[in-house]
């Protein structure tokens, strides 16, 4: 029975592949006995195996930087997508920035205007401002408030004039807290003013102007100074003063008062006896001294 090699490579017509069959069936032939064809075939097989192994190692080690190139390309595409998204949002961002800038400018201009009004009121009232500091805003809508911390020095008359003058400011201003301490000849004042920019000033008529005190002193409204040593002294000393006329032009005013020794005209800053005129407005004349403050008003029949 012939072998498979003999069947496959049996020569046809006495010319066949007998030598190739013999080469396959003789693997232990010495190297120096190999024919040229056998060496060429083995070399081709070894070269193919080496090439396959090298290709696998090349791909595994990424010596061609293919993976890195693909990652870099993906990162560039992602950045390009982000850039396109940002460009698409530019109009909306411009509108937001313009609105934010306008709101900031409005708040800043409003703050500056309100602070200027407070400073002017303090100067008219005789307050010496030591500090004017903004605090953290709170609230929303019409209840939005911007607190401002005020530190000042004044006498009781100046403090009273300042508080009574708050309704004259352009916006609603509400004192949230007030701390007054006696410090030498003056008062040390610390208060927080809440500015409600969305609300106008109430301009509530003064309770003093609406009051109707009885007796012979119906034209006088008294404000007791809690820091005064003897308020009764002032009442006795000034009980003879009566306001009989007012003349106002802009921020300037002139008052005509009568005393025991006759009538006299007074302007803001002038003194009469132990009292000093600290303010003249539509309500009347505010007089102050070391022991108290009072407001002279016109009699009902003279208004």
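All of the numbers you see were taken from the coordinates with simple rules; none came from a lab. It should be emphasised that the depicted structure is a prediction, and the values quoted were computed from it without experimental measurement. We place every Cβ from the backbone using ideal geometry, glycine too, and count neighbours over all the protein chains shown.
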**Q.** Contour minus Cα-Cα distance for residue 270 and residue 131 (0.36 nm per residue)
**A.** 47.2 nm
Q. Per residue, what volume in Å³ does the Cα convex hull of region 108-200 take up?
A. 83
Q) Want the number for residue 52 to residue 149: 0.36 nm per residue separation, take away the alpha-carbon distance, what's left? A) 26.6 nm
Q: For residue 181 and residue 282, calculate 0.36 nm times their separation in residues minus their Cα-Cα distance, and state this gained length in nm to one decimal.
A: 33.4 nm
Q.
What's the ranking of 166-177, 36-47, 279-290 by average number of surrounding C-beta atoms within 10 Å, highest first?
A. 279-290, 166-177, 36-47
